[in-house]
């Protein structure tokens, strides 16, 4: 690892954070491996415990490392990235990336949807949806919680196997072709339930995705997803509009 530059105007904690981050990104520190203890970092870089804790805290916040009580601080697993504007199901996305993944289906039942979701799906006041709640796993660890609402009028059987790609099921078995989607992406703090399911602390930052999927002009699914922000990210390429006013 590099050394600190004490003559530079950059805070020591930030320099230390960047040294560790670079070691992670260059593969010197592998996913799952422990980093030096606070005492070892203090001794090696001749800094205070406060400086070390600030550096590690910043790395935790950015998702590069994770703390495990009673064990130490470990390099986080690499984030899984979805490239926009491709529209893929979770299973298709993970398969394309060559990542070992799985699904735990919590429920699949017909129910009256919340009014806000009914409005997003253009449903009448007495129409039901098929509610499918799933936990998506990567390397046997929970990565996300997904709750899908599908209009009951589409005729999807609640007894179907929802452990695979929902989009593939709709297209290949029910002839419902997926054409596009509208989605919002943001951040939210984990509540008690999400924290328990995703193995994080309550208040931990999560990435949320709120999406309505269409077949032509018809909305055929609303899905709300919560992802561990330290293990998932979105990527997109932007182009500048030369015709802007």
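The values are calculated or read from the model by the stated rules, or taken from the named source; none is laboratory data. In this text, all values refer to a predicted model and were calculated from it rather than measured experimentally. Please note: Cβ atoms are built from the backbone with ideal geometry, for glycine as well, and neighbour counts cover all protein chains shown.
Of the numbered conditions (1) under 22 Å from residue 228 (Cβ atoms); (2) at pLDDT 90 or above, residue 109 satisfies every one except a single condition; which is it?
Failing condition for residue 109: (1).
Go through (1) touching a strand residue (DSSP E or B) at 6+ places or on another chain (Cβ under 8 Å); (2) modelled with pLDDT of 85 or more; (3) under 30 Å from residue 60 (Cβ atoms) for residue 191 and report which single condition fails.
If we test residue 191 against (1) touching a strand residue (DSSP E or B) at 6+ places or on another chain (Cβ under 8 Å); (2) modelled with pLDDT of 85 or more; (3) under 30 Å from residue 60 (Cβ atoms), just (1) comes out false.
Residue check, residue 152 against (1) free of Cβ contacts under 8 Å to residues at least 40 places away in the same chain; (2) over 21 Å from the mean Cα position of the chain (by Cα), all met but one. Which one?
Looking at each condition in turn, residue 152 falls short on (1).
One line per residue, one yes/no per condition, for (1) closer than 21 Å to residue 217 by Cβ; (2) outside the structural domain of residue 16 (by TED's automatic domain parsing); (3) modelled with pLDDT of 90 or more:
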residue	(1), (2), (3)
84	no, yes, no
116	yes, yes, no
126	no, yes, yes
130	yes, yes, yes
151	yes, yes, yes
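Every residue in the stretch 153-195 that is part of a helix (DSSP H, G or I) and under 15 Å from residue 223 (Cα atoms), please.
Within the stretch 153-195, 166, 167, 170 qualify.
Given the residues 29, 41, 4, which is the only one that is assigned to a loop (DSSP other than H, G, I, E, B), over 30 Å from residue 142 (Cβ atoms) and either without any contact (Cβ under 8 Å) to a residue 12 or more places away in the chain or not assigned by TED's automatic domain parsing to the domain that holds residue 144 (or both)?
Details: 29 fails: over 30 Å from residue 142 (Cβ atoms); 41 fails: assigned to a loop (DSSP other than H, G, I, E, B).
Among 29, 41, 4, only 4 is assigned to a loop (DSSP other than H, G, I, E, B), over 30 Å from residue 142 (Cβ atoms) and either without any contact (Cβ under 8 Å) to a residue 12 or more places away in the chain or not assigned by TED's automatic domain parsing to the domain that holds residue 144 (or both).
Can you tell me which residues in the stretch 104-128 are crowded, with 16+ Cβ neighbours inside 10 Å, without any contact (Cβ under 8 Å) to a residue 60 or more places away in the chain and either under 24 Å from the mean Cα position of the chain (by Cα) or in a strand (DSSP E or B) (or both)?
Across the stretch 104-128, the qualifying residue is only 108.
Going through the stretch 153-166 one residue at a time, which ones are out of contact with any helix residue (DSSP H, G or I) (no Cβ under 7 Å at 6 or more places or on another chain) and surrounded by 18 or more Cβ atoms within 10 Å (Cβ to Cβ)?
Scanning the stretch 153-166 gives 162, 166.
May I ask you to list the residues in the stretch 10-26 that are loosely packed, with under 12 Cβ neighbours inside 10 Å and assigned to a helix (DSSP H, G or I)?
Result: 25, single match.
For residue 174, are the conditions met, namely being at pLDDT 90 or above and in contact with a helix residue (DSSP H, G or I) (Cβ under 9 Å, 6 or more places away or on another chain)? If you could, list the steps in order and put the result at the bottom.
Working: at pLDDT 90 or above: yes; in contact with a helix residue (DSSP H, G or I) (Cβ under 9 Å, 6 or more places away or on another chain): yes.
Taking the combined requirement at face value, the residue satisfies it.
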